[in-house]
Amino acid sequence: MPRLTHRTGLVLVVLSAFGFAASPSLARLAYEGGSDPATAALFRFALGAAVLYPTYRLRRGRLVLSRRLALIGLGIGLVYAVESIAYLFAVRLIPVSITVLVFFTFPVLVALLVRLVDKVPVTPVKTVSLVAAFAGIALTTGAAPQALDPLGIGLALLAAAGTAVFIVLGGKLTREVGSIGFALIAFAVAAIVFGAWIIVAGALNLPETTLGWVGLVGGAASFVVSVLCFFTALKAVETVSATLVANLEPILAIAIAYLVLGEVLTVPQLIGGAIVIGAILLPSLAGRRPAG
C-alpha cells in the first residue's frame, strides 16, 4: 500500500471537515421528513461501529479490554451519547448555523477542563480566546431576528461541554487502544444506548419522504466517512495542523445550512460568528508563530 503523502492527508482533513459540517443540515432534512434525533443518532453510531470494527481488526487485531479500560470506555461512550443527542436536539430547536457556532466553543472549553484536570495553566492567549468565544456567542444568539429557543442554546452548550469532557478524558483510552479503537468503543456504547432508548420508547421514527431518507442515511454516512478520513489523515499530518484545518468546519456548516436549508444570518450574527471562529483559531495560530 503506497505511503500517504502530506498533501493527501490535508485533503482528507478537508473532506472530514466537510462531512462533519454537512451532518447537522442532513439531520434537519431527516427531521423534516419525519425522523427524530434518537433515530438519527442510532443510525450514525450503529453504522460507525459496523464500519470501524473491521477497520480495527485489520489494523490491530482483536480488541481486548481490561475491566478498568472497559469501565473507562463505558463512561466515555455514555458522555459521547449525551453530547450527541444534545447536539442533534439543538439542531431541531434552533437554526443549524447558530447550533454550530455555539457548539464550536468546545476547543476553548477543553483549555478550561485541562486546567482543572491536569493543572495545566491557561495561557493569556487562551484566556483571550475564551472571553472572545463567549462574547461572540452572546452577540450571535442575542442578535437573532426572532427569539431563539433557550433550550436549544442550552443543549448546544451542553454538547460543547460534553465534547470537551470526551476529548480530555479520552486521552488515556486512546493511548491504550489507538484512535480507531477509541472511536469504535465510543460508537458501540452510544449505539447500544440509543438502541435501548428506542426499544423502551417503542418508536423508531423512520423518514416518510425521500429527502428525509437522504438526510438520515446521508447524515450517518457523512459522519462515519469524516471520522475515517480524519484518523487516516493523522498518519501523514501532525495533529496541530489537522486540527487547524478542521476548524474550517463551522464556516462550511454555515455555508451548507445556507445552501441546503436557506438559513441566513443577520449582519450582527455574522460578526458574532466571525468572533467565535477567530477565537477558535487564535490558540492554534499563536502556537504556530515562529519565535522571533
Determine the pairs where a residue that is more than 12 Å from Phe231 (Cβ to Cβ), located within region 6-18, has a partner that is assigned to a helix (DSSP H, G or I) with Cβ atoms under 7 Å apart, the partner being 6 or more residues away or on another chain. Leu10/Val245; Val14/Val245; Leu15/Cys229; Ala17/Val245; Ala17/Ala246; Ala17/Glu249; Ala17/Leu252; Phe18/Leu252
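Rundown of residues vs (1) closer than 17 Å to Thr141 by Cα; (2) modelled with pLDDT under 85; (3) not basic (Lys, Arg), yes/no style:
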| position | (1), (2), (3) |
| --- | --- |
| Ala221 | no, no, yes |
| Phe230 | no, yes, yes |
| Ala236 | no, yes, yes |
| Asn247 | no, yes, yes |
| Ile251 | yes, yes, yes |
| Ile256 | no, no, yes |
| Leu265 | yes, yes, yes |
| Arg288 | no, yes, no |
| Gly292 | no, yes, yes |
Please identify the pairs in which a residue from region 250-270 that is surrounded by 16 or more Cβ atoms within 10 Å (Cβ to Cβ) has its Cβ atom under 6 Å from the Cβ atom of a residue that is not in a helix (DSSP H, G or I), counting only partners at least 6 apart or on another chain. Pro250/Phe104; Ala257/Glu263; Glu263/Pro95; Gln269/Ala143
Helices (runs of 4 or more DSSP H) fully within region 20-117 counting 2 or more residues that are surrounded by fewer than 23 Cβ atoms within 10 Å (Cβ to Cβ) and not basic (Lys, Arg): 37-60, 67-93
Within the group Gly142, Gly136, Gly154, which residue is under 30 Å from Ala30 (Cα atoms), at pLDDT 85 or above, over 14 Å from the mean Cα position of the chain (by Cα) and among the small types (Gly, Ala, Ser)? Gly154
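The values are calculated or read from the model by the stated rules, or taken from the named source; none is laboratory data. Remember, predicted model here, so these are calculated numbers, not experimental data. In this analysis, Cβ positions are derived from the backbone assuming ideal geometry, glycine residues included, and neighbour counts consider all displayed protein chains.
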